[in-house]
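What follows is a single structure, written as structure tokens, with notes after it.
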Amino acid sequence: MFNDIGPLELLTIIVLAVLVFGPDKLPKVIQDVMRTIRKIREFSESAKADIRQELGPEFKDFEFEDLNPKTFIRKHLDSEDLGLKEIRNGFDLKKEMAEVTEAVQSYDTDGPSSSSTSSSSSSSGGRIDMTKKPEEDDRPPFDADAT
């Protein structure tokens, strides 16, 4: 329940509790808080048992934690029925990115030398020169009234 409270925060809470309630009343306040938490837990467990009983035997493996959308999706996507683990394990993003980087680097080393030697072969080959910057006249006119 309090997994993310560090030692400094816990010490701060204790000091504030002593200052607010005083050292005389603090044990009684802690007992009252613990009793209230215990009653809330009992009420919650009772409500869960009543709901399970009303749902019937076909929902005997029903867990209330599955009502959380993240837990529900994680539980059903990690099942072996869909085979998503094999797909996820078969896809290596680092390998794919390394192949793309290698292809781009090989194109950079091969591309400019072959296009500079024969301009007619590069235009007939269907390659587009991505390093060419557009000229100023290629832009469409700006229409201030259209915006």
Coil-residue trypsin sites (Lys or Arg not before Pro) of the stretch 12-71, DSSP, other Cβ within 10 Å capped at 11: LYS60
ASN3 versus ILE73: modelled label distance in nm, points set 7 Å from Cα along the beta carbon direction: 1.9
Cα-based Kirkwood hydrodynamic radius, the stretch 1-67, one decimal, Å: 15.2
Point-to-point label distance, ARG38-PHE62, nm (Cα→Cβ direction, 7 Å offset): 3.0
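Laboratory data are not the source of any read-out in this text; all were calculated from the coordinates shown. Model, not experiment: these values are computed from the prediction. All Cβ positions, glycine included, derive from the backbone under ideal geometry; neighbour counts span all protein chains shown.
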